[in-house]
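S.K.: Sharing a structure below in structure tokens format, with a few things to ask.
The values are calculated or read from the model by the stated rules, or taken from the named source; none is laboratory data. These figures come from a predicted structure and were not determined experimentally. Here the Cβ is made from the backbone with ideal geometry for all residues, glycine too, and neighbour counts use every protein chain on show. When the accessible area is computed, the model is the full protein with side chains, heavy atoms only, and any ligands, DNA or RNA have been set aside. Shrake-Rupley method; radii C 1.70, N 1.55, O 1.52, S 1.80 Å.
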Amino acid sequence: MSYSVIIPVYNAMPYIDALKRNIFSFLASPCNIEVIIVDDGSVDGCSAILESISDIIYFKQNNQGVSSARNVGISLASNDYLIFFDSDDDLDVALFSFLDSLSNKEDVIFFNYKINGLEVNRFLNNSVLSGDDIFNFFLNKKINLTICCLVVKKDFIVLNNIFFDFNYSLGEDIMFLFKIFYFSKDINYFSDTYFNYILKDGGAAKSFVDYRKSRMLELFLSFKDDYKLNDNLLESYNFYLVALYLYLLKNSFIYGVKDKESAKFIMDFSFLLKTKTNYVSLYYVFFKNSFRFFYIFAYYFILFFRRIN
């Protein structure tokens with residue numbers, strides 16, 4: 001089988017040595033691999049370095065965001081399976097030999113991964129799961145997946161018109177996974193770890209809530225409106241939405257909001273607190289009901305007491 005590794009880059013000089021090491025390991029593999037670099041308007045000097053590498057597909061565009069760059073990579077790919085890789089992470093080249101050794105491959109394959117060297121999913125063994133099953137596991141936080149531990153057939157992507165939504169700058173990669181789950185009949189999952197996600201200190205999760213973050217609610221609600229979910233998935237999806245809303249509210253209290261627009265946008269989605277779910281976790285029930293009854297106070301609190309200018 002053949003594989004296209006899609007790598008969006010933007011000002012990648014801080015990671016250029018590790019990125020080159022990964023690229024050269026892919027090119028040296030006996031497996032059939034094409035490396036596609038989509039440079040999203042870098043201005044730090046990495047463009048000249050990457051463009052000079054032989055035997056890769058290099059494409060540079062004006063800065064349009066990572067989702068646009070990934071979509072361009074999909075359009076440029078000519079091999080059977082797509083793999084998405086970020087410039088500041090590590091992918092074990094042994095993955096490709098492992099994939100070649102499989103006698104039966106589904107259109108969609110996930111493998112386990114690490115975050116800063118620590119294995120993520122330690123309780124799920126090699127298995128063939130339905131798209132609904134893995135969707136439920138994800139929504140209920142029983143499994144954690146990322147697009148960088150995904151191997152997907154290009155024909156499947158094109159047939160189902162699955163692309164990254166470049167109108168959003170957060171959550172669009174998760175939405176891509178949701179569509180993968182939704183359209184998949186069966187999915188191969190392998191517990192072997194081949195990808196290491198490098199999580200930096202002081203990431204976006206531990207910072208004030210702005211309009212960009214709060215718009216994730218809009219994105220995920222649109223999926224619920226556009227795709228017909230069965231009753232079991234709908235229950236889990238409602239829980240996911242409420243949990244996301246509580247997460248944004250909690251971060252608003254702890255880290256603050258950027259401005260009035262962000263605070264108002266968050267409070268406009270307070271109707272999610274009235275969503276009925278069957279989940280009885282004390283943490284979940286306490287915060288859901290607390291915010292439900294005091295959401296007007298919450299608005300003024302996050303706006304005037306936790307605002308960050």
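S.K.: Conditions first: (1) touching a Cys at 6+ places or on another chain (Cβ under 9 Å); (2) within 19 Å of residue 147 (Cβ to Cβ); (3) not hydroxyl-bearing (Ser, Thr, Tyr). Residue 90 passes all but one, so which condition is the exception?
M.R.: All conditions pass for residue 90, except number (1).
Each row is one residue, and each column tells you yes or no for (1) farther than 25 Å from residue 132 by Cβ; (2) modelled with pLDDT under 65; (3) not in a loop (DSSP other than H, G, I, E, B); (4) not basic (Lys, Arg).
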position: 219; (1), (2), (3), (4): no, no, yes, yes
position: 235; (1), (2), (3), (4): no, no, yes, yes
position: 253; (1), (2), (3), (4): yes, no, yes, yes
position: 277; (1), (2), (3), (4): no, no, no, yes
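S.K.: Now for a different question. Kindly list the number of the only condition in (1) over 17 Å from residue 179 (Cα atoms); (2) in a loop (DSSP other than H, G, I, E, B) that fails for residue 239.
M.R.: (2) is the only condition that residue 239 fails.
S.K.: For the stretch 11-52, how many residues are open to solvent by 70 Å² or more (accessible area, probe 1.4 Å) and of a type in the set (Phe, Trp, Tyr)?
M.R.: 2
S.K.: Also, quick follow-up: Here are 105, 185: which of them is within 20 Å of residue 223 (Cα to Cα) and of a type in the set (Lys, Arg)?
M.R.: Checking each option against the conditions leaves just 185.
S.K.: For the list (1) at pLDDT 95 or above; (2) farther than 25 Å from residue 177 by Cβ, I need the number of the one condition that residue 108 fails.
M.R.: Going through (1) at pLDDT 95 or above; (2) farther than 25 Å from residue 177 by Cβ one by one, residue 108 breaks only (2).
Residue-by-condition table, conditions (1) within 22 Å of residue 69 (Cβ to Cβ); (2) open to solvent by less than 10 Å² (accessible area, probe 1.4 Å); (3) in contact (Cβ under 8 Å) with a residue 60 or more places away in the chain:
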site	(1), (2), (3)
107	no, no, yes
124	no, no, yes
150	yes, yes, yes
156	yes, no, no
194	no, no, yes
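S.K.: Can you tell me which residues in the stretch 73-87 are of a type in the set (A, V, I, L, M, F, W, C) and buried (at least 19 other Cβ atoms within 10 Å of the Cβ)?
M.R.: If the condition is that a residue be of a type in the set (A, V, I, L, M, F, W, C) and buried (at least 19 other Cβ atoms within 10 Å of the Cβ), then 74, 77, 82, 83, 84, 85 are the ones that fit.
S.K.: Please go through (1) within 30 Å of residue 260 (Cα to Cα); (2) at pLDDT below 95 for residue 141 and return the number of the only condition it doesn't satisfy.
M.R.: So residue 141 meets the others, but not (1).
S.K.: Looking only at the stretch 204-249, filter to residues that are within 19 Å of residue 167 (Cα to Cα) and among the hydroxyl-bearing types (Ser, Thr, Tyr); which one of those is least open to solvent (accessible area, probe 1.4 Å)?
M.R.: Among them, the one singled out is 214.
S.K.: For the condition part of a helix (DSSP H, G or I), on the phi < 0 side of the Ramachandran plot and within 19 Å of the chain's Cα centre (by Cα), what is the one hit in 168, 194, 245?
M.R.: Answer to the selection: 245.
S.K.: Six or more apart or on different chains, Cβ atoms under 7 Å: show the pairs whose first residue is in the stretch 63-81 and among the charged types (D, E, K, R) and whose second is part of a loop (DSSP other than H, G, I, E, B) and open to solvent by 60 Å² or more (accessible area, probe 1.4 Å).
M.R.: 80/1
S.K.: Picking from 99, 129, 95, 91, which residue would you name as being over 24 Å from residue 30 (Cβ atoms), open to solvent by less than 60 Å² (accessible area, probe 1.4 Å) and touching a residue at least 24 places away in the same chain (Cβ under 8 Å)?
M.R.: From the options 99, 129, 95, 91, the qualifying one is 129.
S.K.: For the structure I just gave you, tell me whether residue 178 is under 18 Å from residue 74 (Cβ atoms), at pLDDT below 95, within 16 Å of the chain's Cα centre (by Cα) and surrounded by 14 or more Cβ atoms within 10 Å (Cβ to Cβ).
M.R.: no
S.K.: When you scan the stretch 36-154 for helices (runs of 4 or more DSSP H) that lie fully inside it, which ones turn up with 1 or more residues that are under 29 Å from residue 17 (Cα atoms) and out of contact with any helix residue (DSSP H, G or I) (no Cβ under 7 Å at 6 or more places or on another chain)?
M.R.: Once the helices (runs of 4 or more DSSP H) in the stretch 36-154 are filtered for at least 1 residues that are under 29 Å from residue 17 (Cα atoms) and out of contact with any helix residue (DSSP H, G or I) (no Cβ under 7 Å at 6 or more places or on another chain), what remains is 46-51, 66-76, 94-101.
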